[in-house]
1. By per-residue mean of other Cβ atoms within 10 Å, what is the highest-first order of 11-20, 77-86?
2. Which lysines, if any, have their Cα less than 24 Å from the Cα of LYS64, not counting same-chain residues under 8 positions apart?
3. Leaving out ligands and nucleic acids, note down the accessible area per residue over the chain with a 1.4 angstrom probe, in whole Å².
4. Can you give the % of DSSP beta bridges in the chain that are antiparallel, to the nearest 5?
5. If you average 1/r over all unlike Cα pairs in segment 1-42 and invert the result, what Kirkwood radius do you get in angstrom?
6. Can you tell me how much longer the chain between ARG19 and ALA40 gets when fully stretched, taken as 0.36 nm per residue apart minus their C-alpha distance, in nm with one decimal?
7. Please report the carbon-and-sulfur percent of the accessible area for the chain; probe 1.4 Å, protein heavy atoms only, DNA, RNA and ligands left out.
8. If you take every residue apart from VAL63 with its C-beta less than 13 Å away from the C-beta of VAL63, what net charge results, scoring Lys and Arg +1 and Asp and Glu -1?
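The values are calculated or read from the model by the stated rules, or taken from the named source; none is laboratory data. Given the structure is predicted, the values throughout are model-derived calculations rather than measurements. Neighbour counts are summed over all protein chains in view; Cβ atoms, including those assigned to glycine, are modelled from backbone coordinates with ideal geometry. Keep in mind that these areas ignore ligands, DNA and RNA; they rest on the heavy atoms of the full protein, side chains included. Shrake-Rupley method; radii C 1.70, N 1.55, O 1.52, S 1.80 Å.
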Amino acid sequence: QVRLVESGGGLVQAGGSLRLSCAASGITFGNNAHDWYRVAPGKQREWVGGIRSTGAVVYPDSVKGRFTISRDNAKNTQYLQMNNLKPEDTAVYYCKVLNYDTNTEYWGQGTQVTVSS
């Protein structure tokens, strides 16, 4: 059974930083894509970046230069480092792993990030 467990969310002041972790069990990091999404109050889900199986990392303009995504294959964990946080970054953040071999998506349970002004 595949399980993704997120941690690292919390309350931070504007300009601060947080690092989210997403630890996976039941799946080996390999031929996968690793992405992060967020859902802000009253808004649709927004993609905030991801790592492709090639190692390429991509971000939308809204977080480029502030957010950094990485992964540790040995620990089966992906990370989202968020710097210079803004109140508009307040959301529930979710990690997702897409296994290319089986074309199956796995999602974390979400972690709340609140940025105060």
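1. 77-86, 11-20
2. Partners within reach: LYS43, LYS86, LYS96.
3. 51
4. Expressed as a percentage, antiparallel bridges in the chain total about 90.
5. 12.8
6. Length gained, ARG19 through ALA40: 5.8 nm.
7. Looking at the chain in its full context, I get 46 percent from C and S.
8. That sum, taken over residues with Cβ under 13 Å, equals -1.
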